[in-house]
1. For the range 1-134, rounded, prolate or oblate, judged on the Cα gyration tensor with a ≥ b ≥ c (square roots of eigenvalues), a/c < 1.5 rounded, else prolate if a/b > b/c?
2. Build a GNM of the chain with springs between Cα atoms under 10 Å: which of Gln138, Gln256, Gln207 gets the top mean-square fluctuation?
3. Run through the range 235-280 and list the GluC sites (Glu not before Pro) located in a DSSP loop whose Cβ has at most 16 other Cβ atoms within 10 Å.
4. With an 8 Å cut-off on Cα pairs and a minimum separation of 6 or more residues, tell me the relative contact order of the chain in percent.
5. Under a 1.4 Å probe, what is the accessible area of the chain per residue, stated in Å²?
6. Cross-link partners among aspartates and glutamates for Lys271, C-alpha distance below 18 Å, same-chain residues fewer than 8 apart left out?
7. How large is the charge dipole for the chain, taken about the Cα centre, if only the Cβ atoms of Lys, Arg (+1) and Asp, Glu (-1) carry charge, to the nearest 20 debye?
8. Could you tell me which of rounded, prolate or oblate describes the range 57-138, using a ≥ b ≥ c as the square roots of the eigenvalues of the alpha-carbon gyration tensor, with rounded for a/c under 1.5 and, failing that, prolate when a/b is larger than b/c and oblate otherwise?
Amino acid sequence: NARSDQSDDPVYFDPAQAAAMRRRIDIEVGLRKALREHSLSLSYQPKVDCHGTLQGLEALVRWQSTELGTVSPAEFIPVAENSGMVHDITLQVIEMVTSQVKNWQGKGIPVRPVAINLSAIDLSIPNLVQEVVSRTDQLDLSVDLLEFEITETALMVNGETGLDNLNKLKELGFRISIDDFGSGYSSLSKIAYMPVYAIKIDREFVQDVPGDSRREKIIHGILSLAHSLDLSIVAEGVENAQQLEFLRTNGCHLFQGYFFHRPLDITGTEKLLATQSEQTLFRTGLNAATC
Ligand code: C2E
Ligand code: MG
Ligand code: MG
Ligand code: MG
């Protein structure tokens, strides 16, 4: 520990801290360039029901940097948020998703609703709804093909403008889900008054069931309250059959996770969309009677 508690001591150079700062700067510079060059791309992760049938997709931004290699959004989105770039990323994501959906429609590929992640900063932009609508109008896309995911933390910090944006989006027919539910500090009672239709249970809870009895109880509680509020529930990060079984028997009906599908590139997504009607039950070994 290079830093002393004595306030009149000099602050020593901390190599780890310097490296972290260097990394942040590299990411910031690289991202700015990626935005200029429109070189970000998207993966699409399927959301399925308990038969494994495709119900929707989540768009996940991808960045392959020439200088830094693949950088995860878990790392670069926070940097983008802190350097005023995240809304530009969002606008490019919206543009990519809407063009992609339009493209699939043009090819006669049956599409499913695609969810876009919004950050807290997007919610605070007064023009957000206008930006979304001008894009869907321009492409003549139906609103029910787009959804938005907002983390519960973003929902809580965003006061007037945020709630206003969400209400407008909902009135226009866009669906809104609460992402990473359980990881923040909101309560279901608060969410009952939000214009949301679904909550996504955070992977952190899903990964420890069955087995961790506290988490089991939390999930059970989330599910039963969500049912009484008529909210739809998606479990994130389902990686094995035991998790699926636990969630399913507790009343969860939508799932997302490596057990079903990893995020897919465009070709993979297209293949899945094209064959969705032929999707069978062999993948999960479940049959219609069990769910
Ligand atoms: P998220 O919105 O909660 O997305 C789910 C993340 O969990 C994705 O990571 C996905 O690949 C990963 N995941 C899905 N199933 C499993 C599983 O079974 N096991 C494990 N271990 N992981 C699973 P990804 O793509 O790295 O994204 C990380 C986060 O970055 C996202 O979490 C979201 O908060 C943010 N993000 C991604 N794309 C965007 C975007 O376009 N805009 C904004 N604002 N944030 C984004
Ligand atoms: Mg999400
Ligand atoms: Mg999530
Ligand atoms: Mg999560």
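The values are calculated or read from the model by the stated rules, or taken from the named source; none is laboratory data. Model, not experiment: these values are computed from the prediction. Reconstructed Cβ throughout: ideal geometry from the backbone, glycine too, with neighbour counts over all protein chains shown. Accessible surface is based on the protein model in full, side chains and every heavy atom, while ligands, DNA and RNA are left aside. Shrake-Rupley method; radii C 1.70, N 1.55, O 1.52, S 1.80 Å.
1. Here the range 1-134 falls in the prolate category.
2. Gln138
3. Glu239
4. Working: 433 pairs, mean separation 55.7, N = 291.
The normalised contact order for the chain reaches 19 percent.
5. 51
6. Filter leaves Glu58.
7. Details: 26 positive and 39 negative charges, 139 e Å.
I would put it at about 660 debye.
8. Working: a/c = 2.40, a/b = 1.30, b/c = 1.85.
It comes out oblate by the Cα gyration axes.
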